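Single-structure report; data block below.
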Amino acid sequence: MNEETRDTAAAADTGPQIGLQRVYLKDASFEAPNSPGIQRGEWKPNVTMNLSTRTEDLGDNRIEVVLEISVEAKQGDQVAFLAEVQQAGVFLLDGFAPADMPQILAIFCPTQLYPYAREVVADLVGKGGFPQLHLQPVNFEAVVAQAQAQQEAETAQA
């Protein structure tokens with residue numbers, strides 16, 4: 001058996017493959033509408049975070065996944081800051097069954113992008129003159145399971 005035949009046989013046996021081809025910041029914004037006055041006194045903000053994802057098929061088994069994070073901090077009833085980040089990546093997804101794709105796109109891909117987005121949020125908030133905000137890790141599998149359970153509950157009630 002020659003070398004080329006062995007390489008082809010080995011490639012055929014590897015099964016589905018995932019490759020992260022590119023990671024990039026697609027969009028970012030930071031607003032601090034009540035600065036600098038909001039920063040007087042004790043800093044005890046109420047921070048809320050919203051996550052969402054969207055995908056675009058780029059062809060050739062490549063899919064762009066965009067993780068969108070919106071973080072709002074309020075001091076009392078005033079907005080201290082709003083940071084919005086769209087962290088994107090191009091993933092090569094080859095050999096997966098169509099039934100597996102929603103899980104991969106909703107769990108695996110955002111999990112890869114989240115650390116980059118966390119870093120951008122921390123930098124934006126720090127550069128905005130606020131104490132750096134270190135977002136907690138997110139278990140995207142639990143987030144997806146919770147969303148599915150909520151959707152099933154709503155469907156059952158309808």
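The numbers here are math on the coordinates, done by the rules we state, and not lab data. Everything numeric here is computed off the predicted structure, so don't read it as measured data. Positions of Cβ are backbone-derived with ideal geometry, glycine not excepted, and every protein chain shown enters the neighbour counts.
Laid out as a table, the results:
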read-out	value
Residue 123-residue 147 FRET efficiency (beta carbon distance; Förster radius 30 Å; 0.05 resolution)	0.55
Calculated FRET value between residue 111 and residue 29, using beta carbons and R₀ = 25 Å, to 0.05	0.60
Longest exposed-site-free window of the chain, the sites being chymotrypsin sites (Phe, Trp or Tyr not before Pro) in a DSSP loop that have at most 16 other C-beta atoms within 10 Å	97-158
Size of electric dipole in segment 16-152: Cβ of Lys, Arg +1 and of Asp, Glu -1, about Cα centre, debye, nearest 20	460 debye
From the coordinates shown, mean projected area of the Cα convex hull in nm² corresponds to which of (i) 9.1; (ii) 13.4; (iii) 9.9	(ii)
Formal net charge of residues neighbouring residue 129 (Cβ-Cβ distance under 15 Å; K, R +1; D, E -1)	0
Calculated from backbone phi, Karplus (6.51, -1.76, 1.60) coupling profile of segment 24-38 in Hz, x at Gly/Pro	7, 7, 8, 7, 8, 8, 9, 10, 10, x, 10, 7, x, x, 5
Cα centroid of segment 39-87 to Cα centroid of segment 88-158, whole Å	11 Å
Net lengthening on full extension, residue 100/residue 46 (0.36 nm per residue, minus Cα-Cα)	15.7 nm
Derived scalar couplings ³J(HN,Hα) [segment 52-64; Karplus, 6.51 cos²θ - 1.76 cosθ + 1.60; whole Hz; x for Gly, Pro]	8, 9, 9, 10, 9, 6, 9, x, 6, 6, 9, 10, 8
Karplus-derived 3J(HN,Hα), 6.51/-1.76/1.60, for each residue of segment 130-147, Hz, glycine and proline x	9, x, 3, 9, 9, 5, 6, x, 10, 8, 5, 5, 5, 4, 5, 4, 5, 5
Sum of side-chain charges, residue 90 neighbourhood, beta-carbon under 14 Å (Lys, Arg +1; Asp, Glu -1)	-1
Degrees between helix 3-13 axis and first principal axis of the chain (Cα, 0 to 90, nearest 10)	60 degrees
